Every structure is written in C-alpha cells, then in structure tokens.
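Asker: Sharing a structure with you now.
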Amino acid sequence: MNTNHAGTHYNLAVLYEETGNLESAIHFYKKFWRLGMANHPLLVQKVEKHIQTLK
C-alpha cells in the first residue's frame, strides 16, 4: 500500500464507511484531504463537507 497516494486513503475511507466504521472512515478521509489538495481539489472540498456529516 502506498501511504503517500491520496486515492489509497480515499478508497479505504469509503470501505470503512460502508462497513459502518465511521471513526476509521473519518481518519482516512482526513488523510486523503491532506494528500489530495494538489491533485484532487474538487473532491477534497466534497470530502471536507462529508466529514462533517459523519461526525
């Protein structure tokens, strides 16, 4: 697993969210948010809002 690849963290977040593990989902969404700003700015904005709905 490439820990510096934003997409890896996004995919893990989605998987954790689908299984009901919201704490881990938020953790990986936040990692995606930090790593994805440069290459995925629109998705980062959506993820930022989505994190708030999960809390």
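Asker: Within the set of other residues whose C-beta is less than 15 Å from the C-beta of TYR10, count the net charge using Lys and Arg as +1 and Asp and Glu as -1. List each step's numbers first, then the result.
Answerer: Values: positive: LYS30, LYS31, ARG34, LYS46, LYS49; negative: GLU17, GLU18, GLU48.
Residues near TYR10 contribute +2 overall.
Asker: Please give the calculated 222 nm ellipticity per residue for the chain, where each DSSP H segment of at least 4 residues contributes -39500 (n - 2.57) and the sum is spread over every residue; nearest 500 deg cm²/dmol?
Answerer: On the way: 3 runs with 42 residues, N = 55.
After summing the helix terms and dividing by the residues of the chain, the value is -24500 deg cm²/dmol.
Asker: Next question. Defining a contact as two alpha carbons under 8 Å apart and six or more residues distant in sequence, what relative contact order in percent does the chain show?
Answerer: Details: 48 pairs, mean separation 17.5, N = 55.
Computed value for the chain: 32 percent relative contact order.
Asker: Same structure again: Cβ neighbours within 10 Å, averaged per peptide: list 37-44, 9-16 in order, most packed at the top.
Answerer: Working: 37-44: 12.8, 9-16: 18.4.
By packing density, highest mean first, the sequence is 9-16, 37-44.
Asker: Could you size up the charge dipole of the chain around its Cα centre, putting +1 on the beta carbon of Lys and Arg and -1 on that of Asp and Glu, and report it in debye to the nearest 20? Walk me through the intermediate numbers first.
Answerer: Numbers: 6 positive and 4 negative charges, 41 e Å.
Roughly 200 debye for the chain.
Asker: Translational D (Stokes-Einstein, µm²/s) of the chain at 20 °C and 1.002 mPa s when Rh comes from the Kirkwood sum over C-alpha pairs?
Answerer: Here the translational diffusion coefficient equals 199 µm²/s.
Since every read-out is calculated from the coordinates, none of them should be taken as a lab result. Treat the numbers as computed from the prediction; the structure is a model and nothing was measured. Reconstructed Cβ throughout: ideal geometry from the backbone, glycine too, with neighbour counts over all protein chains shown.
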